1. Tell me which residues, restricted to the range 42-52, are hydrophobic (A, V, I, L, M, F, W, C) and modelled with pLDDT of 90 or more.
2. Would you call Lys255 under 28 Å from the mean Cα position of the chain (by Cα), within 30 Å of Ala483 (Cα to Cα) and surrounded by fewer than 19 Cβ atoms within 10 Å (Cβ to Cβ)?
3. Can you find a residue that is among the charged types (D, E, K, R), modelled with pLDDT of 95 or more and either buried (at least 16 other Cβ atoms within 10 Å of the Cβ) or more than 24 Å from the chain's Cα centre (by Cα) (or both) anywhere in the range 198-213?
4. Looking only at the range 73-120, how many residues end up being more than 34 Å from the chain's Cα centre (by Cα) and either part of a helix (DSSP H, G or I) or within 16 Å of Ala156 (Cβ to Cβ) (or both)?
5. Just the residues that are of a type outside the set (A, V, I, L, M, F, W, C) and touching a His at 6+ places or on another chain (Cβ under 8 Å), please, taken from the range 455-478.
6. As an exercise: evaluate Asn601 against (1) part of a loop (DSSP other than H, G, I, E, B); (2) over 22 Å from the mean Cα position of the chain (by Cα) and give the number of the one condition it does not meet.
7. Return the total of residues in the range 284-330 being without any contact (Cβ under 8 Å) to a residue 40 or more places away in the chain and among the hydroxyl-bearing types (Ser, Thr, Tyr).
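The values are calculated or read from the model by the stated rules, or taken from the named source; none is laboratory data. Just so it is clear, the model here is predicted, and its values are computed rather than measured. Methodologically, a virtual Cβ is constructed for each residue, glycine included, from the backbone with ideal geometry; neighbour enumeration extends over all protein chains shown.
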Amino acid sequence: MCGIVGYAGSGSAKEMILSGLNALKYRGYDSAGIALVRKGKLLVRKESGKLEALEAKVGGAEFDAPLGIGHTRWATHGAPTRENAHPHVSFDGRVAIVHNGIIENFMELKAELAQKHGIRFVSETDSEVIAHLIALYFEDDLAEAVRKAAKRMHGAYAVAAVSADDAERIVAIRKDAPLIAGLCGEGGLLASDIPALLKYTRDVYLIENDEIVIVTKDSVQIFDEELTRLNRTKTHIDWDAVAAERGGYEHFMMKEIHEQPTGIKETLRHRVDAKKELLLDDLAFTKEELDAVDRIYIVACGTASHAGLVGKPVIEKYARIPVEVDLSSEFRYRNPIVTEHTLVLAISQSGETSDTIEAIREAKRRGAKVLSVVNVKGSSIARESDHVFYSAAGPEIAVASTKAYTTQIVSLYLIALHMGRLRGTVSAADCKKLVEALEQTPALVEKVIKDEKRIRKLAKEHYKKEKIFFVGRGADVATAQEASLKLKEITYINSFAIAAGELKHGTIALITRNVFFFAVATQSYLYEKMLSNIEEMKARKAEIVAVVKEGDKRVKEIADEVFAIPDCGDEIAPIVAVVFFQLFAYHVAKLRGRDIDQPRNLAKSVTVE
């Protein structure tokens with residue numbers, strides 16, 4: 001979501017901070033700001049809108065300074081205005097802070113600060129209370145003031161603070177929001193996410209919950225909540241900043257759609273040997289551990305939850321363990337039945353999804369083990385899980401997820417097979433059959449991508465639609481849901497996904513002449529049922545585009561138009577079919593003039609509830 005960058009060193013803090021914020025801007029933001037410490041004064045500038053507006057305001061030599069912090073904000077408390085943008089400055093002008101997360105008791109703190117100390121607030125944000133609290137506690141040690149302020153705050157936060165009275169240090173603290181630090185030749189660095197630092201270093205310190213970090217030009221020092229010094233080894237990041245560039249594509253989303261064959265290959269690489277047997281050393285389950293599991297909960301949000309819906313029947317088929325798919329945001333509030341015999345499988349691209357983090361913590365409090373599927377090494381979810389399976393999508397920058405989704409599905413399939421082999425519930429032959437199908441998937445995805453011209457034509461025919469329905473059965477329901485979400489995210493078209501068998505239980509009342517449907521019919525065992533549902537829609541004069549497998553001849557007699565994905569097994573079809581819908585949504589968004597990589601009101605990593 002929001003981005004934090006800090007720099008303390010011998011170079012230009014302004015240049016380093018702006019560079020880092022630019023590396024994070026595709027996470028989503030609606031305002032930006034910077035605070036520099038120069039000659040005993042705080043220099044603060046902030047602007048609503050794009051980073052270019054901020055860069056234009058801090059271009060002069062008067063903004064050269066060796067220490068500072070910067071921020072890109074995605075509005076939660078308060079509108080995306082200059083007043084609500086970070087950094088926030090304390091009542092006495094001595095302290096500036098940037099903050100990611102949410103202060104849940106900010107109303108209580110705000111009332112106290114106003115009534116007891118006469119502090120006048122200039123923003124609508126929860127974050128402003130942090131600056132005032134730190135200033136009240138600040139005597140001669142900024143780190144101690146940050147520590148005391150944090151004791152008063154409830155919620156999730158990563159906070160970085162600088163002071164006009166301390167021109168050498170940035171002090172930051174983390175609780176349930178990502179924070180990293182590193183050193184380069186010019187000084188110390190701080191950020192909320194890895195891409196911000198990759199231009200300068202690939203060796204980073206991962207800051208844990210309730211830890212305080214002090215960054216200077218020569219050091220990164222990490223302390224616990226009582227300011228006792230901690231030892232921490234660096235984590236090496238094995239992908240570089242070049243991977244976060246568009247590589248000649250007009251948008252990151254298109255680049256990432258095209259990278260899906262590679263992502264799938266990389267997710268399979270080193271996990272399958274020449275005999276098509278699994279090599280999942282990253283899952284240290286024993287047969288006894290798995291035999292003790294009586295239920296699996298998949299917890300995830302948004303696109304990741306749709307991957308979970310695809311994975312659920314595959315895990316049940318091969319591992320023979322009951323699986324439930326739960327939205328992370330609902331899981332911990334419904335008093336779930338979780339015991340020491342429960343396995344929670346968390347899915348997250350960033351590994352920093354707040355709702356999913358809280359869901360796994362609730363599960364662990366109840367005695368469950370946690371297995372996570374994440375794309376970012378060293379992320380919060382990865383660190384808090386008992387077992388981690390890293391998908392290999394590579395950096396995903398566009399807000400609308402594409403390659404993370406398809407690699408998550410592949411990851412779940414490999415996990416299902418691994419569990420089945422350990423438990424003896426899947427034969428070597430059946431395992432080999434699905435592995436071989438997965439190995440063919442990159443080529444099938446490539447074929448869909450090569451059909452982009454036709455998909456673009458279809459988008460041109462329908463981009464003015466203001467309401468679109470998606471229907472399917474079995475695994476195609478998840479594909480319909482993901483297709484609908486992609487369309488909503490980047491085109492802002494009102495779209496709706498439903499299991500086709502549910503049409504006659506209410507939704508069919510909405511079907512009239514020219515209502516537009518995508519009918520996904522790739523599941524062979526449900527094909528006859530799906531044809532009947534298409535007939536139901538057509539009888540009510542709906543306009544239908546059917547997505548089927550190559551060789552299908554019957555649906556042409558009913559649907560207005562047909563798009564055929566390459567022929568493949570039912571389990572592979574959700575991976576292949578979704579690429580069609582990704583491309584369709586992309587071209588519709590482009591025709592409608594949308595900001596494809598940074599759609600309104602959305603952020604890449606949702607780090608607040």
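1. Of all residues in the range 42-52, those hydrophobic (A, V, I, L, M, F, W, C) come to 42-44, 51.
Within the range 42-52, Leu42, Leu43, Val44 qualify.
2. On the way: under 28 Å from the mean Cα position of the chain (by Cα): yes; within 30 Å of Ala483 (Cα to Cα): yes; surrounded by fewer than 19 Cβ atoms within 10 Å (Cβ to Cβ): no.
No: the conditions fail for Lys255.
3. Residues of the range 198-213 among the charged types (D, E, K, R): 199, 202-203, 208, 210-211.
Those left that are additionally modelled with pLDDT of 95 or more: 211.
Checking the rest, the ones that are also either buried (at least 16 other Cβ atoms within 10 Å of the Cβ) or more than 24 Å from the chain's Cα centre (by Cα) (or both) come to 211.
Within the range 198-213 (the criterion being among the charged types (D, E, K, R), modelled with pLDDT of 95 or more and either buried (at least 16 other Cβ atoms within 10 Å of the Cβ) or more than 24 Å from the chain's Cα centre (by Cα) (or both)), the answer is yes, since at least one residue qualifies.
4. Residues of the range 73-120 more than 34 Å from the chain's Cα centre (by Cα): 91-94, 111-120.
Pick out the ones that are also either part of a helix (DSSP H, G or I) or within 16 Å of Ala156 (Cβ to Cβ) (or both) and you get 111-117.
Adding up the residues that qualify gives 7.
5. From the range 455-478, those of a type outside the set (A, V, I, L, M, F, W, C) are 456-457, 460-467, 472-474, 476; that's our starting set.
Scanning the range 455-478 gives Arg456, Lys460, Tyr463.
6. For Asn601, the failing item is (2).
7. Our first condition is that a residue be without any contact (Cβ under 8 Å) to a residue 40 or more places away in the chain; within the range 284-330, this holds for 288, 312, 316, 322-328, 330.
Retained after the next criterion (residues that are among the hydroxyl-bearing types (Ser, Thr, Tyr)): 328.
Result for the range 284-330: 1.
The rows are residues; the columns are (1) of a type outside the set (A, V, I, L, M); (2) out of contact with any Gly (no Cβ under 6 Å at 6 or more places or on another chain); (3) farther than 29 Å from Val399 by Cβ.
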| site | (1), (2), (3) |
| --- | --- |
| Glu461 | yes, yes, no |
| Val477 | no, yes, no |
| Thr491 | yes, yes, no |
| Gln523 | yes, no, yes |
| Ser532 | yes, yes, yes |
